[in-house]
Amino acid sequence: MKKSQAAKRRERIKKQADKAMNITIMIPSLNPDEKLTNYVRQLASQSFREIVVINDGSSDKYDPIFDEVAAIDKCTVLRHEVNRGKGRALKTGMDYVLKNHPDCVGIVTGDADGQHRLKDTIRVAKELIKNDSRLVLGSRNFNSPNIPARSSFGNKVTSWVFAAMFGQKLMDTQTGLRGIPLKIVPSMLKISGERFEYEMNMLIECRRQKIEIFEIPIDTVYIDENSSSHFNPIVDSIKIYWLIFRSFFSFIFTSVGCTLLDLLIFTLLARLIIPSDFRYRILLATAVARVISATVNFIVNKNVVFHKKGHIVSSAVKYFCLAVVQMLISAKSVEFFVALSGWHETIVKAMVDTILFIANYFIQKKFVFKK
């Protein structure tokens, strides 16, 4: 006998309710105040599986707050004896959930400083239930007038740079309100980063693994201009931008190193190995040096800079075709702009090659060594 539409609908609602019970909330905390207790009490009133708070080496004077939190129904407090950073606290919490709730849908992370509304936490959890294969971000609107100027500017710049480097525009790259599917937690535990830079590494790794990143807008709450935040604007920003630009800096170092290698091999061949009376001495030394340095550059870029696995033949063909095309464009561009401007060819070549160098990075990233 076929089930009625009403019966099917009741089953679907029941399954969704079961899933809703199967979300774990995770909150890293350092030297919290009563905002943490209030937030946890609100969460405990909902149907979440468990609320896990990680005491990341807080001072002993904050023990009463954590004791109060631990006494709340469905709440567990984990402890670091010393401060190890937000990234490590998140990993400690994820490892706990993976071992104790291997059947849950996923984890919703929150902050202990009162920035996240209960309704927004629930919305992120519901989005995670709808699709447990994507990372869900609760993203703030940094065009709101109540946001401190330094936070607004910093987040907008970071979002723009992230889009340029990784191909997705995110409204809020630094949000602590995230829905993490349990199925991706094992790979998230392997990501480097112990402090605030870990959250950026999570976004980068999701882009690398082709894990969808989905954003939902949330209320933007800043209490006393976010004075309770433990984010260091200088130190932590440097770490975050290093993560974003790491591959580009590696690309620069590799290019410089291979240029020096090219000069070294050319000098050894032209001065010490190839007889001085050989007619094609310079041409031969240049060709051999360029082939060796280009091969080394290709291997390092493939394995170290862009972490491309397999497909060595197709990548090599693309790489050397790009090198030939770039050389021709450089030569013709220098000729054109020297004739147009009358400037010295060395100055023009430096300008042209700088532009081509930057373009070369993105072409190699998006085309030659595309994952």
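Just so you know, all these numbers are worked out from the coordinates, no wet-lab data involved. Because the structure is a prediction, the values reported are computed rather than measured. We place every Cβ from the backbone using ideal geometry, glycine too, and count neighbours over all the protein chains shown.
A few comments on the model shown:
- Unit charges on C-beta of K, R, D, E only; dipole of region 33-184, Debye: 720 debye
- Shape category assigned to region 11-231 from the gyration tensor of Cα positions, a/c cut at 1.5: rounded
- Cross-link partners of K126 among aspartates and glutamates, defined as those whose alpha carbon lies under 15 angstrom from its own and excluding same-chain residues fewer than eight positions apart: D18, E215.
- Principal axis dimensions, largest first and in whole angstrom, of region 245-368 by Cα: 45, 40, 24
- Shape call, region 17-117: gyration tensor on alpha carbons, a/c limit 1.5: oblate
- Per-residue ³J(HN,Hα) for region 302-307, Karplus 6.51 cos²θ - 1.76 cosθ + 1.60, θ = phi - 60°, Hz, x for Gly and Pro: 5, 8, 10, 6, 9, 6
- Formal net charge of residues neighbouring T254 (Cβ-Cβ distance under 14 Å; K, R +1; D, E -1): +3
- Environment charge at I363 (Cβ cut-off 13 Å; Lys +1, Arg +1, Asp -1, Glu -1): +4
- Residue pairs, from the table K210/K309; K99/K183; K91/K156, whose Cα atoms sit over 20 Å apart: K91/K156
- Mean shadow area of region 327-370, taken as a quarter of the surface of its Cα convex hull (nm²): 3.0 nm²
- The distance linking region 83-130 with region 270-326 is 48 Å (Cα centroid to Cα centroid, whole angstrom).
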